[in-house]
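Worksheet: one structure, shown below.
The values are calculated or read from the model by the stated rules, or taken from the named source; none is laboratory data. For clarity, every value in this text was computed on a predicted model and none was experimentally measured. Cβ placement follows ideal geometry from the backbone for every residue including glycine, while neighbour counts extend to all protein chains displayed.
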Amino acid sequence: MQRLLLGLMALLLAGMAAMLSATKAPGYARFLDPDPMQIRVEDKNPWTSLSLNNQQRNFQFAIVTDRTGGHRPGVFAQAVKKLNLMQPEFVISVGDLIEGYSEDNAQWALEWAEFQGKIQQLQMPFFYVPGNHDLANRLMADNWRRKFGRTYYEFRYHDVLFVALNSEDPPDSDPFRFGPEQQQWLSGVLDRNQDARWTFVFMHKPAWVFPDADHEKTGWNAIERAIGNRKCTVFAGHVHNYARFDRNGHDYIMLATTGGASKLRGKSDGEFDQIVWVTMKESEPVIANLLLDGIEDKFVRTLPIPKPGEKKSEK
């Protein structure tokens, strides 16, 4: 009997909520999430709708790009601070994290310690992707595996597939290489994740901008065959110059810098320091390029409270 009464009460409440929504009578609109919004709804209301842009499967992540190859001190540290202001769910790179290009393991240790000291300041996870400065030779590649394990990997988040590739497989390949094992691995990953609603691919070198390379020999043709017609966005760095390409019906995006060498001639030349902000919505991602000098914290301007009788200074 008690169960029956509870069931009837639940039906009655659901019916009242539906009537309230339909008639727009005064009341509170409630959203079924762990922290529900409550707001009084009247016949006329000062808002466009209550369909908030925060659906369960929407999420935001950020991408950082080249910080070395002639790095400019202080820029990446500022990026870390600004990422903490923006609070993405995680951050992923496209490589060239240290200067590298050395066989001196003491030098690597200093450079990795300096970089990881910055990354430790992030308030969210950071995902490594290797670049040619990070894997400049076999000794450095061995060092990467000792520190981080895999040089390519994948993960899923909210039914979205993230793939990190290694364009230096093996190291010191001209101009880049995706080894046979990596090609086979990627094909298997994509086969097992055909139900992913979107796929993001991250790598250091934008293979598609090297038209004279033997793309069969480098493995790039195999990579693109594996990607096929799935819903996908590809990100790369290396060139220190931003450009978007429409390739095979996909967005292929080559990023600028996050502290790497650059003449910083501006947006028309694709030369600026940036963070990429990606909002994954139900059907597709929304991609925003945030220029570092356009992101400021709340202290960008602070004024004292005027005292009674105090005149404003005129300029």
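Scanning segment 264-285 for residues that are in a strand (DSSP E or B) and loosely packed, with under 13 Cβ neighbours inside 10 Å yields a count of 1. Considering segment 170-182, the residues that are of a type outside the set (Phe, Trp, Tyr) and surrounded by 19 or more Cβ atoms within 10 Å (Cβ to Cβ) include one that is nearest to residue 101 (Cα to Cα), namely 171. Considering (1) touching a strand residue (DSSP E or B) at 6+ places or on another chain (Cβ under 6 Å); (2) in a loop (DSSP other than H, G, I, E, B); (3) closer than 30 Å to residue 157 by Cβ, the lone condition that residue 238 does not fulfil carries the number (1). Of all residues in segment 52-94, those satisfying the criterion of being exposed (fewer than 13 other Cβ atoms within 10 Å of the Cβ), closer than 27 Å to residue 281 by Cβ and modelled with pLDDT under 95 are 52, 53, 54, 55, 56, 57. Take the residues in segment 117-150 that are within 22 Å of the chain's Cα centre (by Cα) and among the small types (Gly, Ala, Ser); name whichever of them is nearest to residue 90 (Cα to Cα). Per the criteria, the residue is 117. Annotation for segment 158-180: at least one member residue is touching a Ser or Thr at 6+ places or on another chain (Cβ under 9 Å), of a type in the set (Phe, Trp, Tyr) and farther than 26 Å from residue 84 by Cβ.
Looking at the structure I just gave you, is residue 229 surrounded by fewer than 17 Cβ atoms within 10 Å (Cβ to Cβ), in a helix (DSSP H, G or I) and either of a type in the set (A, V, I, L, M, F, W, C) or free of Cβ contacts under 8 Å to residues at least 40 places away in the same chain (or both)? Steps first, please.
Details: surrounded by fewer than 17 Cβ atoms within 10 Å (Cβ to Cβ): yes; in a helix (DSSP H, G or I): no; either of a type in the set (A, V, I, L, M, F, W, C) or free of Cβ contacts under 8 Å to residues at least 40 places away in the same chain (or both): yes.
Here the answer is no, as residue 229 does not meet what is asked.
Can you confirm whether residue 150 is free of Cβ contacts under 8 Å to residues at least 24 places away in the same chain, of a type outside the set (A, V, I, L, M, F, W, C) and surrounded by fewer than 16 Cβ atoms within 10 Å (Cβ to Cβ)? Judged against the criteria, residue 150 is a match.
The condition of being among the hydroxyl-bearing types (Ser, Thr, Tyr) and free of Cβ contacts under 8 Å to residues at least 24 places away in the same chain does not hold for residue 128.
Among the residues of segment 54-103, which ones are among the aromatic types (Phe, Trp, Tyr) and farther than 24 Å from residue 198 by Cα?
Step one: of segment 54-103, the residues among the aromatic types (Phe, Trp, Tyr) are 59, 61, 76, 90, 101.
Hits for segment 54-103 are 76, 101.
The residues of segment 95-121 that are modelled with pLDDT of 95 or more and in contact with a Leu (Cβ under 6 Å, 6 or more places away or on another chain) amount to a single one, 115.
The residue that is surrounded by the most Cβ atoms within 10 Å (Cβ to Cβ), counting only those in segment 247-260 that are touching a His at 6+ places or on another chain (Cβ under 6 Å) and either of a type in the set (Asp, Glu) or under 27 Å from residue 220 (Cα atoms) (or both), is 257.
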